[in-house]
Amino acid sequence: MVEEKSKPPDTVKRIIVDTNIIFSSLLNYNSISVKLIFNSRKVFEFYSCLYMRAEIREHWDRLKEISKLSEYELREARSRLFGKIKFIDEKLISPETWLNAERLVKDIDEDDVDFIALTNHLNGVLWTNDMELSRGLKKKNFKRVFTTREMLEFRKKKTGK
């Protein structure tokens, strides 16, 4: 993967997608999250780290069980979602950025360090519905985190829809 340095146009925000967004999207393909991913091209660019793909693989059997989808249907849904996300190799993130991310999440949820590091690396916004993570980051003055509701509000402000 090529390291991205250029800033997108002001109207497009770089959104780093947390695993819980993809989990919920795979479990309910008619969800608001899926609609945001597929219908926000002029407002958002979606990114995630390779780690997220591994997390989905790790929990694949559980996703199949909960979703009640066939293997084929679940693979198709994953493929379509992943097709809308640019995956960035975590090896491109500087050690300094990793240390900063580790400090931010150490007393919240260390499993989310990859997403915080990528958010800082791309100067983006983390999209998560993990309220503990969201509140914890905001308490530490890390404001670049959106819930799905905040994503909808931002898109409406930018597009009127």
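For (1) under 20 Å from PHE23 (Cα atoms); (2) modelled with pLDDT under 95; (3) not β-branched (Val, Ile, Thr), each residue gets a yes or a no:
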residue	(1), (2), (3)
SER67	yes, yes, yes
SER70	yes, yes, yes
GLY83	yes, no, yes
PRO95	no, no, yes
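Just one of (1) within 13 Å of LEU26 (Cβ to Cβ); (2) without any contact (Cβ under 8 Å) to a residue 24 or more places away in the chain; (3) not small (Gly, Ala, Ser) trips up LEU74, so point out which.
(2)
Of everything in the range 143-161 that's of a type in the set (Val, Ile, Thr) and touching a Ser or Thr at 6+ places or on another chain (Cβ under 8 Å), which residue is surrounded by the most Cβ atoms within 10 Å (Cβ to Cβ)?
Filtering the range 143-161 for residues of a type in the set (Val, Ile, Thr) gives 145, 147-148, 159.
Now restrict to residues that are touching a Ser or Thr at 6+ places or on another chain (Cβ under 8 Å): 145, 147-148.
Values: VAL145: 22, THR147: 15, THR148: 17.
The extreme case among them is VAL145.
When both residues are 6+ apart or on different chains and their Cβ atoms are under 7 Å apart, which pairs have a first residue that lies in the range 146-161 and is without any contact (Cβ under 8 Å) to a residue 40 or more places away in the chain, and a second that is assigned to a helix (DSSP H, G or I) and surrounded by 11 or more Cβ atoms within 10 Å (Cβ to Cβ)?
Partner pairs satisfying both residue conditions: THR147/SER134.
Just to verify a result, which residue in the range 20-47, among those that are over 19 Å from GLU76 (Cβ atoms) and of a type in the set (Ser, Thr, Tyr), is modelled with the highest pLDDT?
Only one residue tops the list, namely TYR47.
Looking only at the range 125-146, decide whether some residue is of a type in the set (S, T, N, Q) and under 13 Å from SER48 (Cα atoms).
yes
Which of the helices (runs of 4 or more DSSP H) found entirely inside the range 12-95 contain at least 1 residues meeting this: touching a Leu at 6+ places or on another chain (Cβ under 6 Å) and buried (at least 21 other Cβ atoms within 10 Å of the Cβ)?
On the way: elements: 19-27, 32-38, 50-58, 60-67, 71-82.
Per the criteria, 19-27.
The values are calculated or read from the model by the stated rules, or taken from the named source; none is laboratory data. Keep in mind that this is a model prediction, so the values were computed, not measured. Positions of Cβ are generated from backbone atoms using ideal geometry, with glycine treated the same way; all protein chains shown enter the neighbour counts.
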